[in-house]
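So the structure is just underneath, and the comments pick up after that.
The values are calculated or read from the model by the stated rules, or taken from the named source; none is laboratory data. On a predicted model such as this, the values are computed, not experimentally measured, just so you know. With ideal geometry, Cβ positions are generated from the backbone for all residues, glycine too; neighbour counts draw on all protein chains shown.
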């Protein structure tokens with residue numbers, strides 16, 4: 001029986017919704033939205049994620065959203081061959097990384113990291129003497145360290161814990177604020193829970209010692225003490241000549257100078273980075289926020305990558321950005337797909353994961369700039385997108401490739417054209 005929408009009695013105020021099972025919630029949603037039996041059955045299929053696990057990962061679960069995972073090949077990072085799982089719905093992202101890796105395989109990608117330090121912020125307001133209070137807090141460094149380290153003995157056991165203290169005076173529209181930064185080494189954890197716990201533990205003492213009132217106590221996603229870097233060299237011959245090389249450098253100069261271009265330039269970088277972060281169960285939103293904030297650190301939004309030409313005429317690309325990723329806690333430890341992806345990567349530390357992610361971001365950007373400098377972004381992207389359009393038009397099985405091929409040939413990747421081609425094929 002199909003669910004029916006009752007417009008007169010619909011209400012989003014559903015008492016005890018969170019206490020119901022996923023199946024019961026789905027029934028209520030189906031009745032509210034008028035979902036038919038096929039739609040309900042589709043949502044009820046949780047794929048390879050156990051229902052019990054999904055129900056405990058977030059609130060009010062009714063279904064899962066399956067995102068394809070592709071494998072990027074041809075990558076050599078710090079002398080080691082790696083296969084990189086990438087979870088994304090966007091066509092050409094995985095292929096772009098594979099192509100960049102192939103064209104730089106001999107030298108590969110060289111990476112480094114600045115460490116695994118995270119920042120927690122404690123905001124104090126109405127401080128009567130902010131400059132003197134700043135010094136009072138700095139004098140209490142050892143006391144603050146003791147409070148922070150007592151929050152997480154396990155973190156100390158594996159070599160992490162409180163590392164340093166910063167106190168800043170901010171002039172704001174609401175008056176002067178005294179902002180304390182707790183610098184914490186979170187090791188192989190992304191670290192949000194650890195540093196947030198420390199910030200909350202130390203907050204009452206900061207209020208006491210500063211003479212102000214404490215409000216916010218939370219980490220910063222601008223993890224500029226946790227930078228990942230990658231660089232690679234592409235020979236002129238490997239990428240198609242000096243004209244292509246110069247076009248890539250010119251595209252980079254455009255992004256470095258213009259925030260309108262830089263926004264799309266960096267979005268392409270994050271196509272690769274977010275795909276690996278998602279596949280490994282890490283926090284895509286945190287990584288994206290940190291990356292874009294870092295791109296604006298000098299007062300204007302600019303490119304996360306840099307390109308230049310070395311003495312031999314080769315193209316040198318590099319990237320540096322905050323990458324707070326971990327192997328401990330959250331979905332990285334409980335999601336079976338994330339665990340399998342980490343095993344494919346063969347990583348044993350958060351630092352190694354960050355290095356690989358940075359290399360993927362650079363590879364993604366190189367391929368995008370090369371496409372823009374030569375055939376245009378649509379040639380490769382739309383060739384893969386044509387398959388999606390073919391399926392939207394109703395193509396199945398071998399029809400999908402046949403319709404997609406003709407869409408590309410006609411340079412009209414549109415659903416109406418796909419429907420006409422499909423009808424012709426079926427006749």
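Annotations
- Residue check for residue 247: surrounded by fewer than 19 Cβ atoms within 10 Å (Cβ to Cβ), closer than 14 Å to residue 373 by Cα and at pLDDT below 95: no
- Residues in the range 174-193 that are within 30 Å of residue 159 (Cβ to Cβ) and either surrounded by fewer than 24 Cβ atoms within 10 Å (Cβ to Cβ) or modelled with pLDDT of 95 or more (or both): 12 in all.
- Residue ID - farthest from residue 146 (Cα to Cα), chosen from residues in the range 195-238 that are free of Cβ contacts under 8 Å to residues at least 60 places away in the same chain and either outside the structural domain of residue 360 (by TED's automatic domain parsing) or in contact with a helix residue (DSSP H, G or I) (Cβ under 8 Å, 6 or more places away or on another chain) (or both): 208
- For the range 12-26, a tally of residues being without any contact (Cβ under 8 Å) to a residue 24 or more places away in the chain, surrounded by 14 or more Cβ atoms within 10 Å (Cβ to Cβ) and either assigned to a helix (DSSP H, G or I) or touching a strand residue (DSSP E or B) at 6+ places or on another chain (Cβ under 7 Å) (or both) returns 0.
- Of all residues making up the range 52-66, the number that are surrounded by 14 or more Cβ atoms within 10 Å (Cβ to Cβ) and either free of Cβ contacts under 8 Å to residues at least 60 places away in the same chain or farther than 24 Å from residue 21 by Cα (or both): 7
- Among residues of the range 137-153, those that are loosely packed, with under 15 Cβ neighbours inside 10 Å, in contact with a helix residue (DSSP H, G or I) (Cβ under 9 Å, 6 or more places away or on another chain) and touching a residue at least 24 places away in the same chain (Cβ under 8 Å), counted: 2
- The listed residue being under 16 Å from residue 137 (Cα atoms), outside any loop (DSSP other than H, G, I, E, B) and within 25 Å of the chain's Cα centre (by Cα), out of 183, 169, 218: 183
- Residue 171 vs. criteria surrounded by 14 or more Cβ atoms within 10 Å (Cβ to Cβ) and without any contact (Cβ under 8 Å) to a residue 24 or more places away in the chain: no
- Take the conditions (1) assigned to a helix (DSSP H, G or I); (2) loosely packed, with under 15 Cβ neighbours inside 10 Å; (3) touching a helix residue (DSSP H, G or I) at 6+ places or on another chain (Cβ under 6 Å); residue 83 misses just one of them, which is (1).
- Helices (runs of 4 or more DSSP H) (entirely within the range 327-377) containing at least 3 residues that are at pLDDT 95 or above and touching a strand residue (DSSP E or B) at 6+ places or on another chain (Cβ under 7 Å): 336-345, 350-373
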